[in-house]
Amino acid sequence: MDTKLLAAGPEAVAEAARLLRAGEAVGIPTETVYGLAADATNAAAVKKIFEAKGRPQDNPLIVHIAGMEELPAVVREIPAAAQKLAQAFWPGPLTIIMKKSDAIPMATSAGLDTVAVRMPSHPVARQIIRAAGLPLAAPSANLSGLPSTTTARHTFQDMNGRIPLIVDGGPCEVGLESTVITVAGEVPTLLRPGYITREQLEAALGCEVALSSAILNKLAEGEVAASPGMKYKHYSPRADVILLSGPFSAYKEYVQAHAGAGVFAMCYEEEQPLLGVPCIPCGRAGDPDSQAHALFAALREADERGAQVVYAHSPAQDGVSMAVYNRLVRAAAFQVIEL
Ligand code: TXA
Ligand code: MG
């Protein structure tokens with residue numbers, strides 16, 4: 001199959017909507033990462049997403065809507081907590097898990113009785129949902145296991161020949177996948193950190209948000225993941241990523257002592273002239289938003305430059321940095337060296 005790449009505009013939106021209504025999977029831009037969208041209510045269409053990505057069948061998809069009036073069709077009930085969160089953060093990079101309605105097939109929820117719902121803010125994503133007139137299931141548009149894609153070019157690299165169309169809406173502003181919170185249980189629980197922070201969620205809800213144990217640590221053998229996606233090796237370039245935790249001086253000393261062919265240091269832009277080894281820049285120091293924006297492209301750059309080993313300086317674990325750390329520690333398959 002030839003994969004068309006169309007610049008966002010009325011024609012691209014109409015073509016995407018036509019294909020989506022016909023049960024095809026289409027690459028679309030969102031403010032977080034590119035999504036691989038299909039009709040969330042059509043099990044056969046959803047199956048095409050799993051096939052194109054090579055995604056394990058037990059990993060559920062996020063359902064994207066464009067307006068609050070579309071929510072009652074996909075969930076069984078709207079808990080008060082979900083109302084508050086939607087009011088505060090939608091449209092935007094927050095996914096809320098609720099009990100699912102019968103309109104959502106088991107293929108979309110991967111057999112769970114809950115569904116993850118998000119209302120994206122990206123104008124092109126919103127136009128495509130509206131034009132299709134459907135709730136759209138969309139995981140990140142990368143091949144399963146690789147870093148999520150934040151540009152149409154990266155999406156094309158992974159999806160060429162697998163889907164009929166990718167709509168190019170420019171680079172994604174946030175750069176990391178949405179924050180995922182469940183309000184389907186007793187206590188609101190953060191399942192995946194993102195640009196909307198735990199602190200912001202707690203302020204909007206007026207109560208504490210629990211942290212799923214899989215966010216910062218590896219699941220113990222036999223432990224069940226609250227969010228199935230958390231148990232897979234993720235975001236990994238071909239290169240071996242190793243996180244180094246400690247002060248910058250120790251990080252610098254370590255990467256200089258371990259320099260060699262195929263070895264790269266991931267660093268903040270300002271640090272590049274200081275390290276004296278080949279670097280992959282990833283955002284600016286003290287600016288977690290810029291680090292989030294750059295991370296997945298930096299991991300892909302490592303592969304493009306033939307990196308075998310990438311040393312990354314471990315970020316903090318609060319605010320938006322918690323999301324950067326969560327993705328990096330998975331890219332590193334939990335290899336962390338304390339300096
Ligand atoms: O920003 C995003 O969320 C992007 C864009 C395209 O919207 N989508 C995305 O989807 O990142 P995906 O499939 O790559 O990640 C969805 C995550 C997975 O970790 C999955 O296990 C979890 O959400 N998830 C989905 N439905 C769930 C459910 N019912 N219960 C628990 N976790 C769920
Ligand atoms: Mg993903």
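The values are calculated or read from the model by the stated rules, or taken from the named source; none is laboratory data. Here the structure is a predicted model, which is why all the values come from computation and not from measurement. Here Cβ is always computed from backbone atoms with ideal geometry, including for glycine, and neighbour counts include all displayed protein chains. Accessible surface areas use protein heavy atoms only, side chains included; no ligands, DNA or RNA. Shrake-Rupley method; radii C 1.70, N 1.55, O 1.52, S 1.80 Å.
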### Task
Tell me which of these Gln200 doesn't satisfy, since it passes every other one: (1) among the polar types (S, T, N, Q); (2) open to solvent by 50 Å² or more (accessible area, probe 1.4 Å); (3) touching a Lys or Arg at 6+ places or on another chain (Cβ under 7 Å).
(3)
### Task
Give the range 203-228 a look and list any residue that's loosely packed, with under 14 Cβ neighbours inside 10 Å and farther than 21 Å from Leu243 by Cβ, or say none.
Ala203, Gly206, Cys207, Glu208, Glu221, Gly222, Glu223, Val224
### Message
So for the range 199-207 (the condition being of a type in the set (Asp, Glu), over 20 Å from Val329 (Cα atoms) and within 12 Å of ligand 1 (Cβ to nearest atom)), does at least one residue qualify?
### Response
no
#### Entry: Tabulated pairs, the range 294-311, first assigned by TED's automatic domain parsing to the domain that holds Glu177 and of a type in the set (Gly, Ala, Ser), second part of a loop (DSSP other than H, G, I, E, B) and modelled with pLDDT of 95 or more, C-beta under 8 angstrom, 6+ apart or interchain
none
### Message
Just to be sure I understand, how many residues within the range 292-339 are aromatic (Phe, Trp, Tyr) and closer than 30 Å to Ala203 by Cβ?
### Response
2
### Residues (within 12 Å of ligand 1 (Cβ to nearest atom) and open to solvent by 10 Å² or more (accessible area, probe 1.4 Å)) located in the range 140-156
Ser140, Leu143, Ser144, Gly145, Leu146
### Task
Scan the range 283-339 for residues that are open to solvent by 10 Å² or more (accessible area, probe 1.4 Å), among the hydrophobic types (A, V, I, L, M, F, W, C) and in contact with a helix residue (DSSP H, G or I) (Cβ under 8 Å, 6 or more places away or on another chain) and report the count.
8
### Query
For the range 320-339, how many residues are small (Gly, Ala, Ser) and modelled with pLDDT under 95?
3
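Within the range 152-206, take every residue that is hydrophobic (A, V, I, L, M, F, W, C) and assigned to a helix (DSSP H, G or I) and give me the one that is nearest to ligand 2 (Cβ to nearest atom).
Among them, the one singled out is Met159.
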### Query
Counting only residues that are modelled with pLDDT of 95 or more and of a type in the set (Gly, Ala, Ser), which one in the range 175-193 is most open to solvent (accessible area, probe 1.4 Å)?
Ala184
#### Entry: Number of positions in the range 41-73 that are closer than 23 Å to Tyr195 by Cβ and aliphatic (A, V, I, L, M)
7
